[in-house]
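Visitor: Before I ask anything, here is the structure I am working with.
Each reported figure results from applying straightforward, stated rules to the coordinates on display, with no laboratory input. In this text the structure is predicted, and so the values were computed from the model without any measurement. Methodologically, a virtual Cβ is constructed for each residue, glycine included, from the backbone with ideal geometry; neighbour enumeration extends over all protein chains shown.
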């Protein structure tokens, strides 16, 4: 969070920490540079009008060395400023005053887009899934998945945090040329996938069964 208004900086951080986010806070470009903010975080929230420089110039610096998601948060509400920010490489542009709910949604959207960049790679919670190269691992340990398990996993992580019905998962996995064997095929595929991804019962589990509804991928995990 790079914002020179201390009360606003602290207020945003306090509110979003309750949602599970962790922040490094800076009130100047010098502080952000000293903390190597662009390489030490998953996303930057960047003000434009800072006491020691122009946020647009800093954004240009970042884009020379990093593709970390950047959300501009500024009082500059001119269309030309928004266009400039996006052309310089910002992922989103939010103007003040703003809703915390909207900012939270924009942050989560940018993080999800980054974690599944190009539609092929997901990396979070110790997992690494490259659906294009068919490489899957947890904590550096390779995991071998069948084509059916890969389709199922991709559908779940692309919709993480959302409970998908059994019918939707069946359609996503078996209706593109594959053969749906019987009504238990999904249950069997989910169990096999779970056993491969989460073999240790002492670790948090991310593939969640929502009884009576379907399945979900939860990044927060469950006991």
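Visitor: Restricting to Cα pairs below 8 Å that are 6+ residues apart, what does the relative contact order work out to for segment 6-115? Please round to a whole percent. Spell out each step's value before the answer.
Guide: Details: 118 pairs, mean separation 25.1, N = 110.
Result for segment 6-115 is 23 percent.
Visitor: Under a point spin-label approximation (7 Å from Cα along Cα-to-Cβ), what is the residue 135-residue 57 distance to one decimal in nm?
Guide: 3.9
Visitor: Still on this model: In whole angstrom, and with the biggest value first, how far do the Cα coordinates of the chain range along each principal axis?
Guide: Dimensions of the chain along the principal axes of its Cα atoms: 64, 35, 32 Å.
Visitor: In addition: Can you give the alpha-carbon Rg of segment 6-115 over 2.2 N^0.38 Å, where N counts its residues?
Guide: Output field value: 0.99.
Visitor: Could you run the Debye sum over the Cα atoms of segment 69-146, one equal point scatterer each and no solvent, and tell me log10 of I(q)/I(0) at q = 0.26, 0.27 Å⁻¹, two decimals?
Guide: Log-scaled intensity ratios, in q order: -1.16, -1.21.
Visitor: Here's something else I'd like to know. Take the alpha carbon atoms of segment 123-166, find their radius of gyration, then divide it by 2.2 N^0.38 Å using N residues; give the quotient.
Guide: 1.16
Visitor: Percent relative contact order of the chain, based on C-alpha pairs within less than 8 angstrom and at least six residues apart?
Guide: On the way: 291 pairs, mean separation 26.3, N = 223.
For the chain, the relative contact order is 12 percent.
Visitor: Taking only Cα atoms, what is the 0 to 90° angle, nearest 10, from helix 185-197's long axis to the longest principal axis of the chain?
Guide: Taking the Cα atoms of the chain, the angle to 185-197 is about 60 degrees.
Visitor: Okay, helix-only estimate at 222 nm for the chain: each DSSP H run of n ≥ 4 adds -39500 (n - 2.57), divide by all residues, round to 500 deg cm²/dmol; what do you get? Let's see the in-between values first.
Guide: Values: 8 runs with 88 residues, N = 223.
My calculation for the chain gives -12000 deg cm²/dmol from helical runs alone.
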